[in-house]
Amino acid sequence: MKLRTKYILFVVILHLIALVLTYFIFIDNKIWFIVSEAVIIISLLIAWQLYRQLIQPLKTLMQGVEAIKDRDFNVKFLSTGKHEMDQLIDVYNQMMDELRTERTRQEQQHFFLEKLIFTSPTGIIILDYDDNIQQINPKALQILGIVADQVLGYPVDKYPHPLFEQIKHLKSGENTTVKFDGINTYMLQKSHFIDRGFSRHFIMIEDLTAEILAAEKNVYGKVIRMMAHEVNNTVGPVNSILQSALKTNGLWQGHQFNNLKDALQVAIDRNQNLNLFMRNFADLVKLPAANKRPINLHHLINSVSQLMGIKAKEKDVAYEFHMHEGTFIIMADEQQMEQVLINIVKNAIEAIGSKGMIRFYTVPDKRSLVISDTGAGISAEQSANLFSPFYSTKKDGQGIGLTLVREILVNHGFEFSLKTVGEKQTEFTILFN
């Protein structure tokens, strides 16, 4: 029962009792009976006035409560001239001002955080209370190579992706560095925040590729320059002395030194090979800036395939072309892109060994080139180190071929990947911008 109903019921019952009592008490005295009836009527009027004065603040308070329920903080009341009512109105109006200010501040912070998350160069994944993906920003989608509809609402520990495989092992406050494709390196960090009294997790994915590549290049560049300097300073004078000895006929007259002369010639040839060996490393360090010009990728593929044709025939490796009709124009340094394709095809031939197929796929609409081979494939361990300097799966490999490919493609701003996608199907993919 509402308070005002109780009040009215109490006043009515009280005055009815008073009327009944006055009737029995003053039934013989009409004057006093009339006076008592007048007093009761005046009491009723006073009770009604008090009702209005007491209930009006409650009505006003209820209107304010309804406005707060509707989150309408613009509702304010005017002063009435009554002290108690005005005190209530002043407190209410102050509260509404503070609530409106706080809501505005919270909305501004919310929009700022939303904008910050959306434009952040770090990938951010926000989970709900059940560790399902509730929000994911564009950078995270780019890193993962997916669209939002594929992952929203999906359990973070169930989604089939190498990065999520690492994320599910992380605890709140932990971080780890992942390099799953041999090219890109990411730092994963998991943390949590409190939302309405309950803990929720979020994951940050930071792309460290550019920083690591720059630091890596700086280190191996110094090593190669030092090695080249020492080798050149040693090999040059030694070769000069050996050649002078071979050309000085007086040293060999009357003596049978043919074996010694042959040994000296072998030493000279070996020094030349050492020079060539160091020059290959030096080329990696001295790679010039890309001189980008429009080139027809299809013509370049045909040229490289012909150049590597003899080596392919020796291994009984055939070519298969699935190239889109017409031209495929890309902006690139022709000599450097030719070197890239030569290295890719050479590695594909060596991976096949004998009797296999190399397929070339071009899709101009997607600006992509895929070179697929039927070699033995790439293991998970090899995949993580493929593009690392000096790493090679070959017995006598120098480990600079794929590093050179990486440097050229990174300098061009082209995305690329090398992975085994099925049995006897390894693909090198290049995405041109």
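Some values worked out for this structure:
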item: HN-Hα J in Hz across the stretch 189-202 - Karplus 6.51, -1.76, 1.60, θ = phi - 60°, x for Gly and Pro; result: 9, 10, 8, 9, 9, 9, 10, 6, x, 10, 7, 10, 9, 9
item: Around residue 202: net Lys/Arg minus Asp/Glu count, Cβ-Cβ under 11 Å; result: -1
item: FRET efficiency estimate (nearest 0.05) - Cβ-Cβ, residue 244 to residue 275, R0 22 angstrom; result: 0.75
item: Contour minus Cα-Cα distance for residue 291 and residue 83 (0.36 nm per residue); result: 66.5 nm
item: Amide H within-cut-off set for residue 185, under 5 Å, with H built and near neighbours excluded; result: 208, 209
item: Phi-based couplings in Hz for the stretch 290-297 (Karplus 6.51, -1.76, 1.60; Gly and Pro marked x); result: 5, 8, 6, 9, x, 9, 8, 4
item: Mean ellipticity per residue at 222 nm, deg cm²/dmol - from DSSP H runs of n ≥ 4 across the chain, formula -39500 (n - 2.57); result: -18500 deg cm²/dmol
item: Dipole in debye (nearest 20) - the chain, about Cα centre, beta carbon charges: Lys, Arg +1; Asp, Glu -1; result: 300 debye
item: Amide H partners (placed H, <5 Å) of residue 356, local residues excluded; result: 317, 318
item: Packing-based order for 23-32, 356-365, 343-352, using average beta carbon neighbours within 10 Å, highest first; result: 343-352, 356-365, 23-32
item: Carbon plus sulfur fraction of accessible area for the stretch 50-204, probe 1.4 Å, in percent; result: 54 percent
item: Radius of gyration and maximum dimension Dmax of the stretch 133-180, Cα, Å; result: 10.8, 28
item: Dipole of the chain, positive end: most advanced residue of 328, 123, 218 [Cβ charges, Cα centre]; result: 218
item: Reachable lysines from residue 139, criterion Cα separation under 24 angstrom, eight or more residues apart if same chain; result: 115, 158, 168, 171, 179, 190, 366, 419
item: Accessible-area ranking of 7, 51, largest first, probe 1.4 Å; result: 7, 51
item: Around residue 10: net Lys/Arg minus Asp/Glu count, Cβ-Cβ under 13 Å; result: +3
item: Extended-chain gain in nm, criterion 0.36 nm per residue less alpha-carbon gap, residue 433 and residue 91; result: 116.9 nm
item: For the stretch 76-89, Karplus couplings with θ = phi - 60° (6.51, -1.76, 1.60), whole Hz, Gly/Pro x; result: 9, 10, 8, 5, 10, x, 9, 4, 5, 5, 5, 4, 4, 5
item: Within the chain, percent of DSSP bridges classed antiparallel, to nearest 5; result: 85 percent
item: Projected area, mean over directions - the stretch 13-72, Cα convex hull, nm²; result: 4.7 nm²
item: Heavy-atom accessible area per residue - the chain, 1.4 Å, Å²; result: 62 Å²
item: Cα centroid of the stretch 311-361 to Cα centroid of the stretch 51-111, whole Å; result: 76 Å
item: Interatomic Cα distance distribution for the chain, bins of 10 angstrom, percent; result: 4, 13, 16, 15, 12, 8, 7, 6, 6, 4, 4, 3, 2, 1, 1, 0, 0, 0
item: Net charge over other residues, Cβ less than 14 angstrom from the Cβ of residue 359 (K, R count +1; D, E count -1); result: -2
item: Extension reserve of the residue 354-residue 311 stretch, reckoned as 0.36 nm per residue once the Cα distance is removed; result: 14.4 nm
item: Among 158, 59, 190: highest mean-square fluctuation, GNM of the chain, C-alpha pairs under 10 Å; result: 59
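The values are calculated or read from the model by the stated rules, or taken from the named source; none is laboratory data. Please read all numbers here as calculations on a predicted model, not as lab measurements. Note that we place each Cβ from the backbone using ideal geometry, even for glycine, and neighbour counts take in every protein chain shown. What goes into the accessible areas is simple: the full protein's heavy atoms, side chains included, and nothing from ligands, DNA or RNA. Shrake-Rupley method; radii C 1.70, N 1.55, O 1.52, S 1.80 Å.
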